[in-house]
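The values are calculated or read from the model by the stated rules, or taken from the named source; none is laboratory data. The model shown is predicted, which means the values in this text are computed figures rather than measured ones. Backbone-built Cβ (ideal geometry, glycine too); neighbour counts: all protein chains shown.
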Amino acid sequence: MDGRTDADRRPYPGPRRRVPGCGQGGRRPGRLGDMTRLERDDPYLRTFVSTLDEVRFDEHGAWWRLRDSCFYASGGGQPHDEGTLSVDDAAVWRVTGVESDDEGSVWHRVDGDAEAPAVGSALSGAIDWPRRWRHMQRHTAQHLLSQAFVRLDPAFATRSVALTSPEVTVDLAGEPDDQAVAAAVRLANEVAGQALPVRWFEVDERELAAYPLRRPPKVSGRVRLVTMGDWEVSACGGTHVRSTAEALPLLQVGRERIRGGLVRVTVRAGLEAIERAQATQAAAAAAARGLSCGIDELPERMSALAAEAAAARRELAQAHKRVAQERAAALVRGPGAIVALALPSADASFATELADAIAELAATAVIGAPQGDKALMVLASGAGVDVRPALRVGLERLEGRGGGRPERAQGSGPRVEGLAEAIAAARALLDEGGERSRTQ
C-alpha cells in the first residue's frame, strides 16, 4: 500500500514547463496565487517551514505542492533547486525536480522510502545551497555579459541562454568575432569588479517605460525586474547574488557559430570559473614539465612538435609507398595480372597502399585483411577492369557493405571467418570476366 487515495491516483499532467530564455520575468514575485515564493524575496534563504497542500502522481513519481516554498522552479534558462523536505527530522524526502504551473504554484518531485505525510502536515525544507549558489553566480554573470555585448554593439543582442551546466552559453545575434567576445568578457569582469548592488523588485507593466530594459518582457501584469546598479535592468524571475562582485570571475571558454546566424559564447563564472582555471593551470604545468619548458613557452613548443610530427608522417607515408611498390613488383608478373591476397590484421592499414601500387603496374588487386571485428576488402585495377561487381560478390560472403569507383572500390563486413572465401569469390568473378593475362 502506498497511502494514496483514489483522488490521488488520477493522472497528473505535470507542471507547465517555462520556455527557456532569460528575460521573461515573473508576474508576481514573492506571493503567487495562494503560495509564497520565498526565494524571490531572499535567494540566500536556505531553510524554511511550510505546509503540504496537495500530492499528485505521474510517470515520474510523486509531486508535492506546498503552501510556501523556497525551491526555485526551472525557468529562464536556470535549473531548478534540489534539496530535502522532512517531518520532525524523522522522515526525509529528496527533492529532485521543481516546476511551476500556470497558477503560479510550485510542485516538488520527491523521492524517498517513507510514506507521504498527510495533506496539511507541517514540513521543513532545506535547499542544496552549493547548487543554488552556483546557479546564482551563473545567472548574474550571464546578465553582466549580455549587457556588455549590447554596450559594445546594440546588434549583439542575446537570443537565448543556457545555465544548466557550469558551461554557461549565450547565443548572440550580430556575429561578434573573437575580438568582440574578448572585449565583452573583459568589460563584464570590470563592471562586476565595481561590486554593483543587485536588486529585484516588481512593477506594474504600465511603469516599464521608466526603465531602460535590455529586452522587452514576455509577461504582463506585475513584472519582476532585476537591476545591477546603473549597468543592467531586465525582467527576470531567477535568483541572483547581492553584489556583482560575487559572480567574479567570468572566464571565456568557447566561441562557435550555430544555426540561425548566431554565435554561441561559452563562459564560466564564480567558483566554476576558478575550478576551470585551476584545472587548466594544472594541465598546462604538467605539459610544460613533460616538454621541459615553461608554461609561456608551450604554444611555441607545441607548434614545433606539430611540425615535426607532420614531417614524420610524410616520411612514413613515403616509406609505406616504397614498401608497397616493392611488394607489388614482386607479386605482379605482368600487365593484366590479378593479385589476390589476404594480409594479416597487423597489416590492414597497408591494404589500400598495396592495392594502389598493384594497380599502378596495370594489374588488378583483390586485397583482404581482418580489421578489428570486421573484414576489409580493397579492390583496384589499372587494367581497365570495373572491380565493383567483384567487390559486391566478395562482400556478400562477409555480410558487408561498400562501394567506390570502377577502378577502385572497398568495403567491409562482420563475417571475418568468410574472408578467404570472399577473396576467392571476387577473384573467380574477375577470372570469368576474361582477363587478358595469366593470374598469380
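The table below gives the values:
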read-out	value
Matching residues in the stretch 119-139 - criterion: being assigned to a strand (DSSP E or B) and more than 30 Å from Pro249 (Cβ to Cβ)	Ala122, Leu123, Ser124, Gly125
Check on Ala155, closer than 28 Å to Glu232 by Cα, small (Gly, Ala, Ser) and part of a loop (DSSP other than H, G, I, E, B)	yes
Qualifying residue in the stretch 82-93 (condition: out of contact with any Gly (no Cβ under 7 Å at 6 or more places or on another chain) and within 23 Å of Gly221 (Cβ to Cβ))	no
Some residue of the stretch 148-159 being in contact with a Gly (Cβ under 6 Å, 6 or more places away or on another chain) and hydroxyl-bearing (Ser, Thr, Tyr)	no
Breaking point among (1) part of a loop (DSSP other than H, G, I, E, B); (2) in contact (Cβ under 8 Å) with a residue 40 or more places away in the chain; (3) surrounded by fewer than 16 Cβ atoms within 10 Å (Cβ to Cβ), for His240	(3)
Checklist (1) assigned to a loop (DSSP other than H, G, I, E, B); (2) small (Gly, Ala, Ser); (3) under 23 Å from Arg276 (Cα atoms) applied to Ala116, failing item	(3)
So Ala273, is it at pLDDT below 95 and either part of a helix (DSSP H, G or I) or farther than 26 Å from Ala184 by Cβ (or both)	no
